[in-house]
1. Between residue 25 and residue 6, what is 0.36 nm times their sequence separation minus the Cα-Cα distance? Round to one decimal in nm.
2. How large, in percent, is the carbon and sulfur part of the accessible surface of the chain at a probe radius of 1.4 Å?
3. Against the longest principal axis of the chain, how steep is helix 15-26, in degrees 0 to 90 to the nearest 10, with axes from Cα atoms?
4. Given a Förster distance of 30 Å, report the FRET efficiency between residue 57 and residue 91 from their Cβ-Cβ distance, rounded to the nearest 0.05.
5. Could you tell me whether region 1-60 comes out rounded, prolate or oblate from its Cα gyration tensor? Rule is a ≥ b ≥ c as square roots of the eigenvalues, rounded for a/c under 1.5, then prolate if a/b exceeds b/c, otherwise oblate.
6. Take the Cβ-Cβ distance between residue 69 and residue 43 as r, set R0 to 22 Å, and report the resulting FRET efficiency rounded to the nearest 0.05.
7. Which angle between 0 and 90 degrees, to the nearest 10, do you get for helix 30-55 versus the longest principal axis of the chain when only C-alpha atoms count?
8. Could you grab the relative contact order for the chain? Cα pairs under 8 Å, six or more apart, rounded to a whole percent.
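The values are calculated or read from the model by the stated rules, or taken from the named source; none is laboratory data. Quantities reported herein were computed from a predicted structural model and do not represent experimental measurements. Every residue, glycine among them, receives a Cβ derived from its backbone with ideal geometry; neighbour counts consider all protein chains shown. Keep in mind that these areas ignore ligands, DNA and RNA; they rest on the heavy atoms of the full protein, side chains included. Shrake-Rupley method; radii C 1.70, N 1.55, O 1.52, S 1.80 Å.
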Amino acid sequence: VRGLIERGIKDGMGAAELGDLIEEHGGFDELRAETIARTETARVLNEASLESYREFEITHVQADDGDEDEVCAARNGQVYTLDEAAAIEDHPNGTLSWTPLVGKPA
(Lines give C-alpha, C1' and ligand atoms only; values in the text may rest on other atoms or scores of the structure.)
Protein backbone atom coordinates (compact mmCIF):
# COMPACT_ATOMS: atom_id res chain seq x y z
CA VAL A 1 0.00 0.00 0.00
CA ARG A 2 2.85 2.37 0.80
CA GLY A 3 4.22 1.93 -2.73
CA LEU A 4 0.79 2.66 -4.22
CA ILE A 5 0.47 5.82 -2.15
CA GLU A 6 3.96 6.99 -3.09
CA ARG A 7 3.30 6.29 -6.78
CA GLY A 8 -0.09 8.01 -6.72
CA ILE A 9 1.24 11.13 -5.02
CA LYS A 10 4.29 11.23 -7.31
CA ASP A 11 1.95 10.97 -10.32
CA GLY A 12 -0.15 13.86 -8.97
CA MET A 13 -3.26 11.82 -8.24
CA GLY A 14 -5.97 13.35 -6.11
CA ALA A 15 -7.52 11.46 -3.21
CA ALA A 16 -10.32 9.96 -5.34
CA GLU A 17 -7.93 8.62 -7.98
CA LEU A 18 -5.55 7.36 -5.33
CA GLY A 19 -8.45 5.64 -3.56
CA ASP A 20 -9.35 3.82 -6.77
CA LEU A 21 -5.73 2.71 -7.18
CA ILE A 22 -5.59 1.41 -3.60
CA GLU A 23 -8.93 -0.35 -3.97
CA GLU A 24 -7.85 -2.01 -7.21
CA HIS A 25 -4.38 -3.15 -6.09
CA GLY A 26 -4.36 -2.96 -2.31
CA GLY A 27 -7.10 -5.43 -1.44
CA PHE A 28 -9.32 -2.95 0.43
CA ASP A 29 -12.98 -2.19 -0.11
CA GLU A 30 -13.95 1.19 -1.58
CA LEU A 31 -14.63 2.95 1.75
CA ARG A 32 -11.36 1.82 3.37
CA ALA A 33 -9.34 2.63 0.24
CA GLU A 34 -10.80 6.16 0.09
CA THR A 35 -10.13 6.69 3.81
CA ILE A 36 -6.50 5.66 3.34
CA ALA A 37 -6.12 7.89 0.29
CA ARG A 38 -7.64 10.99 1.94
CA THR A 39 -5.69 10.49 5.16
CA GLU A 40 -2.32 9.94 3.49
CA THR A 41 -2.83 12.73 0.95
CA ALA A 42 -3.61 15.19 3.75
CA ARG A 43 -0.61 13.98 5.77
CA VAL A 44 1.80 14.49 2.87
CA LEU A 45 0.32 17.90 2.06
CA ASN A 46 0.66 19.06 5.68
CA GLU A 47 4.26 17.82 5.91
CA ALA A 48 5.16 19.62 2.69
CA SER A 49 3.43 22.80 3.83
CA LEU A 50 5.29 22.87 7.13
CA GLU A 51 8.63 22.29 5.42
CA SER A 52 7.88 25.06 2.91
CA TYR A 53 7.04 27.45 5.74
CA ARG A 54 10.31 26.54 7.43
CA GLU A 55 12.23 27.43 4.25
CA PHE A 56 10.61 30.87 4.31
CA GLU A 57 11.56 31.29 7.99
CA ILE A 58 7.98 31.12 9.22
CA THR A 59 8.13 30.07 12.87
CA HIS A 60 4.45 29.62 13.80
CA VAL A 61 1.30 28.25 12.22
CA GLN A 62 -2.37 28.24 13.10
CA ALA A 63 -4.34 25.00 13.07
CA ASP A 64 -7.40 25.02 10.84
CA ASP A 65 -9.59 22.07 11.69
CA GLY A 66 -13.29 22.18 10.96
CA ASP A 67 -14.18 18.81 12.47
CA GLU A 68 -16.68 18.77 15.27
CA ASP A 69 -15.02 16.15 17.49
CA GLU A 70 -13.48 17.29 20.79
CA VAL A 71 -9.81 16.98 19.82
CA CYS A 72 -10.22 18.86 16.55
CA ALA A 73 -12.47 21.53 18.03
CA ALA A 74 -9.92 22.19 20.80
CA ARG A 75 -7.09 22.41 18.27
CA ASN A 76 -8.91 24.63 15.76
CA GLY A 77 -7.46 28.16 15.77
CA GLN A 78 -4.58 27.32 18.11
CA VAL A 79 -1.07 28.56 17.32
CA TYR A 80 1.89 26.17 17.26
CA THR A 81 5.57 26.33 16.46
CA LEU A 82 6.54 24.42 13.33
CA ASP A 83 8.08 21.66 15.44
CA GLU A 84 4.95 21.35 17.56
CA ALA A 85 2.77 21.26 14.45
CA ALA A 86 4.96 18.61 12.82
CA ALA A 87 4.47 16.35 15.85
CA ILE A 88 0.65 16.46 15.60
CA GLU A 89 -0.93 13.51 13.82
CA ASP A 90 -4.46 13.96 12.56
CA HIS A 91 -6.97 11.12 12.72
CA PRO A 92 -8.20 9.18 9.64
CA ASN A 93 -10.30 11.40 7.35
CA GLY A 94 -9.12 14.42 9.35
CA THR A 95 -9.36 17.94 8.03
CA LEU A 96 -6.39 19.51 9.79
CA SER A 97 -4.41 22.05 7.77
CA TRP A 98 -1.95 24.79 8.67
CA THR A 99 -1.96 28.53 8.02
CA PRO A 100 1.42 30.26 8.24
CA LEU A 101 1.62 33.24 10.57
CA VAL A 102 3.78 36.06 9.28
CA GLY A 103 5.30 38.37 11.85
CA LYS A 104 5.07 37.95 15.60
CA PRO A 105 2.41 35.38 16.64
CA ALA A 106 -0.37 36.50 18.95
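1. Value of the extension gain: 5.5 nm.
2. Carbon-and-sulfur percentage of accessible area, whole number: 51.
3. With both axes taken from Cα atoms, the answer is about 40 degrees.
4. Once rounded, the FRET efficiency stands at 0.50.
5. prolate
6. E(calc), rounded to 0.05, equals 0.80.
7. That works out to roughly 30 degrees.
8. Worked out over the chain, it gives 25 percent.
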